[in-house]
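First up is the structure itself, then whatever we jot down about it.
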Amino acid sequence: MRQTRLRYLDTLIVGLGVLAYTLALTGDYFVPFKSPLWLAMTIGLMALAGAYRLYAVGSFSLKRGFGWLSANWVILALIAALALGGILRYQTLKNAPAYTNAELDFAKSSIRVIAESDWKPFSYVNPPFYLYLGAVAAELNFAQQVSAGNIASPTGLTPEPVADLLRLLNLGLGIFAIFAVYGAAGLFWQSRRDAVIAALLFAACWLSYQITPALVSQNLSVALVASSLYFIARAYHKPNLLFLVGAGALVGATTTSSYGAILLLLPLLAIALVQGKTVSARFKFSGIALGGFVAGFSVLCPGWLFGWQYFLEGLAAIPNASAGTAGEFLKTALQNDSGLFVLAGFSFALSFYLRGEKARISRILIAFPLTYAILLNFIGSYKIERLALITPALAIVATLPIAVAGESLQRYFNARDEQHRWAGSALSLGLTLVAILGSVFIRRIF
């Protein structure tokens, strides 16, 4: 009787798996309802049936299951952050408006790069790295068209398919940035729990995912900023030649996608000064970091060396900010990501109250987004995409108040007590969800 029941259960699990796979492939989830809840319910039932199957054969117990969950919840939360960030970015991409004339012109410029083998941009008003990524998309589209026998030369490419591929590359960069934020936060705070909190905050950040469909350099810049912060964290904990040069080179590469990223030198040089035990060591660390920056910037933007007058003309052509620009940026940011900005502000204030390494890290990291926000008041037009550049740093900084609350609760319950070991993690996740849902709520109101 028991074996018969297990066979029926196995058949049910297989049937649910086939149904879930079919729903995922069709994408319409039982017309006319067209709700992803059908797919979610199917996967949920399959998971419940699978868990009961393990319990029925004696290889699973609630105590063992909670023990596994307690040991591996960080990995599950990271997967959830990647899934959440991917879904939000994909939905934004799916609901994207038609291409603007400026975006089609950018796609044409990307085609021109490979059609004429000319990697020199028309102007250095915008840094060139994202244009090179567009050229990669054009090359991929050319390979597709050639294999299909449609064209024989890059001059036959049209801008729309290239722009479509570039949007997909934007999606991949956005998901990669979530993982990079997780790595950077884990190194800065020396905690996997704090790392996954930062990843969740960044994944749900409207400013970071709303740029996905737009053919703007911030899609590349955000991924590079997160990667730079990872190497800056490495340099903070181990300021040797490799990590200082790597951090400087990545900051230089990031600056070739967004000029504002040069302000990442502020936390990097601050780390060089803090970690140097003597005056000579501080000069040495700072020089190594700056040398890496010049090398990284020069490799991807050699025009500043070989055509410096042309490069300076491009910088001079960047317009000044109009009156009220800073207010517009702040208003839009608070309307859409109030939870993240409130936490970041609280972290900055908390860093002057706390003592120790975490307070110092918070003050070092906040230098980049704070200075960048001030700079927006003077240079460049009002484009909300520009604020995306500071979201990786803000997500890491915003983790501090949540981490302090979780640690306080653990001390209250005594973290060594098995019964209450999960308390700090549960509070941290709860506060993270409150911040995310609070942002969503305020976004819906305004």
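Are any residues in the range 170-179 open to solvent by 10 Å² or more (accessible area, probe 1.4 Å) and touching a residue at least 40 places away in the same chain (Cβ under 8 Å), and if so, which ones? Outline the logic, then answer.
The first filter runs over the range 170-179 and keeps only residues open to solvent by 10 Å² or more (accessible area, probe 1.4 Å), leaving 171-176, 179.
LEU171, LEU173, GLY174, ILE175, PHE176, PHE179, listed by residue number.
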Q) How many of the residues in the range 262-299 are within 23 Å of the chain's Cα centre (by Cα), more than 19 Å from ARG234 (Cβ to Cβ) and either crowded, with 19+ Cβ neighbours inside 10 Å or at pLDDT below 90 (or both)? A) 2
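Determine which member of the set LEU350, LEU433, LEU437 is assigned to a helix (DSSP H, G or I), surrounded by 14 or more Cβ atoms within 10 Å (Cβ to Cβ) and either of a type outside the set (Gly, Ala, Ser) or modelled with pLDDT of 90 or more (or both). So that I can check it myself, show each step before the final result.
Values: LEU433 fails: surrounded by 14 or more Cβ atoms within 10 Å (Cβ to Cβ); LEU437 fails: surrounded by 14 or more Cβ atoms within 10 Å (Cβ to Cβ).
Criteria check complete, one pass: LEU350.
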(Q) Being out of contact with any Gly (no Cβ under 8 Å at 6 or more places or on another chain) and either among the charged types (D, E, K, R) or closer than 19 Å to TYR130 by Cα (or both): is that true of SER257 here? (A) yes
(Q) Contact list please: Cβ distance under 8 Å, first residue in the range 7-20 and in a helix (DSSP H, G or I), second residue open to solvent by 90 Å² or more (accessible area, probe 1.4 Å), pairs at least six apart or on different chains. (A) LEU9/TYR52; LEU16/LEU45
Q: State yes or no: is VAL196 touching a residue at least 12 places away in the same chain (Cβ under 8 Å), open to solvent by less than 10 Å² (accessible area, probe 1.4 Å) and in contact with a Pro (Cβ under 6 Å, 6 or more places away or on another chain)?
A: no
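Evaluate the following for GLU407: is it outside any loop (DSSP other than H, G, I, E, B), touching a Gly at 6+ places or on another chain (Cβ under 9 Å), surrounded by fewer than 21 Cβ atoms within 10 Å (Cβ to Cβ) and acidic (Asp, Glu)?
Numbers: outside any loop (DSSP other than H, G, I, E, B): yes; touching a Gly at 6+ places or on another chain (Cβ under 9 Å): yes; surrounded by fewer than 21 Cβ atoms within 10 Å (Cβ to Cβ): yes; acidic (Asp, Glu): yes.
For GLU407, the condition - outside any loop (DSSP other than H, G, I, E, B), touching a Gly at 6+ places or on another chain (Cβ under 9 Å), surrounded by fewer than 21 Cβ atoms within 10 Å (Cβ to Cβ) and acidic (Asp, Glu) - is met.
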Q: Residues being over 17 Å from THR255 (Cβ atoms) and surrounded by 12 or more Cβ atoms within 10 Å (Cβ to Cβ): count how many of those fall in the range 300-325.
A: 5
(Q) When the residues of the range 68-126 are narrowed to those that are β-branched (Val, Ile, Thr) and outside any helix (DSSP H, G or I), which ends up nearest to LEU165 (Cα to Cα)? (A) THR100
Q: Name the single residue, out of those in the range 368-390 being of a type in the set (A, V, I, L, M, F, W, C), open to solvent by less than 60 Å² (accessible area, probe 1.4 Å) and over 17 Å from VAL181 (Cα atoms), that is farthest from the chain's Cα centre (by Cα).
A: LEU376
Q | Qualifying residue in the range 216-230 (condition: under 28 Å from PHE441 (Cβ atoms) and not aliphatic (A, V, I, L, M)) | A | yes
Q: Please go through the range 242-252 and pick out each residue that is open to solvent by 10 Å² or more (accessible area, probe 1.4 Å), of a type outside the set (Val, Ile, Thr) and touching a residue at least 24 places away in the same chain (Cβ under 8 Å).
A: GLY246, ALA249, LEU250
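The values are calculated or read from the model by the stated rules, or taken from the named source; none is laboratory data. In this text the structure is predicted, and so the values were computed from the model without any measurement. In this analysis, Cβ positions are derived from the backbone assuming ideal geometry, glycine residues included, and neighbour counts consider all displayed protein chains. Just so you know, the surface numbers come from the protein's heavy atoms only, side chains and all, with ligands and any DNA or RNA stripped out. Shrake-Rupley method; radii C 1.70, N 1.55, O 1.52, S 1.80 Å.
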